[in-house]
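Worksheet: one structure, shown below.
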Amino acid sequence: MKNIQINHAQKGFTLIELMIVVAIIGILAAIAIPQYQDYIARSQMNRVYGEVSALKTAAEENLLRGNTTLTAADLGYTTSNLIATLNVSFDATGAGAITADIGDKASTAILGTDLEIRRSAAGAWSCNVTGAGGAYDASFTPTGCN
């Protein structure tokens, strides 16, 4: 009579294999989530910079016509879910600023930050980020801003 060998195949995963998979997922999440939050903060700052920069053309046109008492509505600004308030201020020489107070639906890392685009009397524009909170990182600042 022949000996019949029965092969007992493993069905399912062992506990140690499941624990290894959970540990790998935990490590990946610990790295990926903060990186994703930084990405969101950077992209939101760049979006605010783009929204405010788009108003420079309208500001220049109004200043060339002699209108220095400008409001956000005069520049064609419509509301944004990232900008809590937008302040526009120019003097008789044409020097002034468009300042966006970041709030509303913005990432917690950039809440309370002000992005200011300033115009000199000579017509040169510059950008500055101020009032950044404790979670703010310099890497969130758009290229061309201080």
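Since every read-out is calculated from the coordinates, none of them should be taken as a lab result. Bear in mind that the values here come from a model prediction, so they are computed numbers and not experimental data. Methodologically, a virtual Cβ is constructed for each residue, glycine included, from the backbone with ideal geometry; neighbour enumeration extends over all protein chains shown.
A few comments on the model shown:
- In the chain, helices alone account for a calculated mean residue ellipticity at 222 nm of -11500 deg cm²/dmol, with every DSSP H run of four or more residues adding -39,500 (n - 2.57).
- Applying 1/(1 + (r/R0)^6) with r as the Cβ-Cβ distance of Thr143 and Ala92 and R0 = 41 angstrom yields a FRET efficiency of 0.80.
- Under 5 Å between amide hydrogens, built in the peptide plane, is the criterion, and for Cys127 it picks out Arg118, Asn146 among residues at least 5 positions away or on other chains.
- Looking at the chain, the DSSP beta bridges with both ends there are about 95 percent antiparallel.
- The equivalent ellipsoid of region 1-85 has semi-axes of 67, 12, 9 Å, largest first, where each one is the square root of 5 times an eigenvalue of the Cα gyration tensor.
- Of interest is the spacing of the C-alpha centroids, which for region 53-96 and region 18-32 amounts to 49 Å.
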